[in-house]
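What follows draws every value from the coordinates through simple rules; no lab data is involved. Worth saying up front: this structure is predicted, and the values here are computed from it rather than measured. Because the Cβ atoms are built from the backbone with ideal geometry, glycine has one as well, and the counts that use them run over all protein chains shown.
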Amino acid sequence: MSLIPLYSSWGVMIFVVSVFLWNLFGVWLFVIYIAFSVVFLIKEVGMGRCTHNFGFLVFILTELLTFISLFVVSHYSMPDSVFEDVHYISEFDEFPLLGCVVLLSSSILVTGFHFNYGLDRCWWYLFFGIVLGCCFMLVQFFEFSESPFYFVDCPYYVMAYSTVGLHFLHVLGGVAVLSLILFIGYKSFDRFYVEMSVWYWHFVDYIWLLVFIVFYYPASLWLPLF
């Protein structure tokens, strides 16, 4: 496990705070931090460490924390009137529910590809999983096109569209990676990268379930729990 990212992030934080406070000492401290970070990085590269599993775990964790942060901010930016169904960007039992069915079906097919890895029929699972991923993005496009609310109507809609849009970009990235595996051939990649791509796709599915609950499911049913 490398502590360089954590170490460097402290240096960046000191630099940003120093700039806002007009404190030159923090800037010099940042330069020292970066110098030591470069030394430690060269040392680790020379030792040839490989921490792919931990790196992927940290990536997933940071993505999860990003979405949780957006959920929390959207909760506090939510006006009282949002308890009425008309104030949601879409009715939960229309495009959003269809998106849930399509994306979860895609996840099941990608799981079938994972379980049948190495067999001839695994291609079909991956292909139809990608097709359903594209269908989900198409559903999102129609949802945004028919929504009666705009991005700048209120802070809540800013957070809602930003979070759903960020998830859309994750789906787009997942479809791109799975398509690369499909067209180039999974045998051209190390199995680790194929499995991490599958797990990433599952992560995108789970995040969508959270997005569905927070931004589409009737708030009057779950917000009182908090």
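Output the peptides 122-134, 169-181, 55-67 sorted from most to least packed, where packing is the average of other Cβ atoms within 10 Å over each peptide's residues. Walk me through the intermediate numbers first.
On the way: 122-134: 18.8, 169-181: 17.2, 55-67: 13.4.
Most protected by this proxy first, the peptides run 122-134, 169-181, 55-67.
Using bins 10 angstrom wide from zero, how does P(r) for segment 53-220 break down, in % of all Cα pairs? All Cα pairs, binned at 10 Å, distribute as 10, 37, 31, 16, 6, 0 percent. In this structure, PHE59 and ASN116 have a Cβ-Cβ separation that, at R0 = 22 Å, corresponds to a calculated FRET efficiency of about 0.25.
Here the calculated FRET efficiency for SER147 and TRP123, from their Cβ-Cβ distance with R0 = 41 Å, stands at 0.65, rounded to the nearest 0.05.
With r as the distance between the Cβ atoms of MET13 and HIS202 and R0 = 25 Å, compute the FRET efficiency 1/(1 + (r/R0)^6) and round to 0.05. Don't skip to the answer; put the middle values down first.
Values: r = 33 Å, r/R0 = 1.30.
Approximately 0.15, to the nearest 0.05.
In this rough spin-label picture, where each label sits 7 Å from Cα along the Cβ direction, the VAL72-ASP93 distance is 3.4 nm. Multiplying the residue separation of ILE213 and SER179 by 0.36 nm and subtracting their alpha-carbon distance yields 9.4 nm.
Counting beta carbons within 10 Å around each of MET137, MET196 and listing the fewest first gives the order MET137, MET196.
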